[in-house]
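Colleague: Supplied in structure tokens, the structure appears directly below.
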Amino acid sequence: MIAHLFNAPVGDDETAIGVGTVGSSEAIMLAGLAFKRKWQAKRKALGKPFDNPNIVTGANVQVCWEKFARYFEVELKEVKLREGYYVMDPAKAVEMVDENTICVAAILGSTLTGEFEDVKLLNELLTEKNKETGWDIPIHVDAASGGFIAPFIYPDLEWDFRLPLVKSINVSGHKYGLVYAGVGWVVWRSKEDLPEELIFHINYLGSDQPTFTLNFSKGSSQIIAQYYQFIRLGFEGYKDIMQNCMENTRLLKEGIIKTGRFEILSKDIGVPLVAFSLKNGSSYTVFQIAESLRRFGWIVPAYTMPPDAEHISLMRVVIREDFSHSLAERLISDIEKVIKELDELPPRASVKSARVDDVDGGGSHHTEKEIGSYWRRISDKKTSSVC
Ligand SMILES: Cc1ncc(COP(=O)(O)O)c(C=O)c1O
């Protein structure tokens, strides 16, 4: 069902193969390992060195890609971000590949901003590069979130097995697959893309059982839950839920824009989430907003972008099926309250120029976060004595 959703070849060419995993992380380990083994086999056959594999990704990849690279000894070559551009640039990624590249990994729904990377353009540029060089570098799509969004909301967007170089795709069942935590999926375009040597066969459970996961035993409840959701909701049911998520995302985004304080970093086409940063010249930080929102029961993460956009700090609200219209309105209203409170506090410049060590007990170098927490403490005490 998932292979079909991702437009795997059908008919006589239908040989897609896949496996259920604990989440996208395990799925990515397996997909990465398959690419590494395929590349090694090819290099061995050519009598060329096979001890220095690398993988090309954007610097915005989720930590599981760094884990894969470190655990399975593959060099991670990251395309750096830049201010205003927070996903992997396909042209730069293709410039970085070489004969040791096992694959280029694109993300359908960047963890940080929800933005879809341009897999179609990557496929075109990499096809040209492969033609020029005689290499055969494939693409993996990390569709952890987007894999259950794009097929329903953007069916014409080509990011999946419709693109010839896309050999494997992962998706998290516990994100927009609508299942509770502990399920992910990886699908390979064809049997040839998953080296046979990675599949183990055991028979001590009474029949031949092929296994190609990192863990052996796991609960079947998530698999059943995923199956149940597919059957119960069907394509139309998923589509309705995802459309509703997009609608609530739009509502929240408009409310955030209306405050006049934020710049929206997420895109209209992407995962239903709103990522936003403070406009220049703000006297407080997103870390302070996140901290204050906790008082209203909201946990809205504030974080910084990866290299080379580390100076950008932002917040992110992921809209899932249970985030309703009225919750969106409540969050907007709480953000407005927090802004009002922060506006009434003394500007940070005067806190910076005040002797911070009067309260903290020494140390002249304070991070923004430390100043923020100091600032909070003085505001909690309702004192303006240092300003
Ligand atoms: C793009 C992306 N890839 C991979 C992962 C890891 O997924 P999981 O938590 O299912 O292992 C995430 C999780 O947030 C993600 O956003």
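Values quoted throughout were computed directly from the atomic coordinates according to the rules given, and no laboratory measurement underlies them. Owing to the predicted nature of the structure, the values given are computational and were not obtained by experimental measurement. So basically every Cβ, Gly included, is an ideal-geometry build from the backbone, and we count neighbours across all protein chains shown.
Colleague: Taking the Cα centre as origin and putting +1 on Lys and Arg beta-carbons and -1 on Asp and Glu beta-carbons, what dipole magnitude results for the chain, to the nearest 20 debye?
Modeller: Roughly 900 debye, rounded to the nearest 20.
Colleague: Shifting gears a bit: How big is the shadow of the Cα convex hull of the chain, averaged over all directions, in nm²? Write down the numbers at each step before the final one.
Modeller: On the way: hull surface 92.7 nm².
Projected over every direction and averaged, the Cα hull of the chain covers 23.2 nm².
Colleague: Equivalent-ellipsoid semi-axes (√(5λ), Cα gyration tensor) for the stretch 73-232, whole Å, largest first?
Modeller: Output for the stretch 73-232: semi-axes of 30, 22, 14 Å.
Colleague: OK, next. If each residue's Cβ is checked for other Cβ atoms within 10 Å, how do His174, His140, His4, His201 rank with the fewest at the top?
Modeller: Numbers: His174 19, His140 29, His4 13, His201 8.
By the 10 Å Cβ count, ascending, the order reads His201, His4, His174, His140.
Colleague: Counting helices only, and only those DSSP H runs with n ≥ 4, report the 222 nm mean residue ellipticity of the chain as the sum of -39,500 (n - 2.57) divided by its residues, in deg cm²/dmol to the nearest 500.
Modeller: It lands at -12000 deg cm²/dmol.
Colleague: At a Cα cut-off below 20 Å, give the lysines reachable from Lys253, other chains included and same-chain residues fewer than 8 away excluded.
Modeller: Lys267, Lys279, Lys337, Lys340
Colleague: Sorted by packing (mean other beta-carbon atoms within 10 Å per residue), highest first, where do 324-334, 249-259, 116-126 land?
Modeller: By packing density, highest mean first, the sequence is 116-126, 249-259, 324-334.
Colleague: Does the stretch 1-107 come out rounded, prolate or oblate by the C-alpha gyration tensor, with a ≥ b ≥ c the root eigenvalues, rounded set by a/c under 1.5 and, if not, prolate when a/b is larger than b/c and oblate if not?
Modeller: Oblate shape, in that a/c is at least 1.5 and b/c is the bigger or equal ratio.
Colleague: Kindly provide the Kirkwood hydrodynamic radius of the stretch 253-310 in Å, to one decimal, from all pairs of distinct alpha carbon atoms.
Modeller: The answer is 12.7 Å.
Colleague: Something else about it: Over 27 Å between Cα atoms, which of Lys36/Lys120; Lys129/Lys167; Lys48/Lys120 qualify?
Modeller: Lys48/Lys120
Colleague: Using only the alpha carbons of the stretch 241-343, what is the convex hull's orientation-averaged projected area in square nanometres?
Modeller: 6.4 nm²
Colleague: Tell me the Rg and the Dmax, in Å, that the Cα atoms of the stretch 9-65 produce.
Modeller: Using the Cα atoms of the stretch 9-65, the pair Rg, Dmax is 14.7, 39 Å.
Colleague: I need the fraction of alpha carbon pairs in the stretch 41-90 separated by more than 17 Å, rounded to a whole percent.
Modeller: Here the long-distance tail beyond 17 Å is 47 percent of all Cα pairs in the stretch 41-90.
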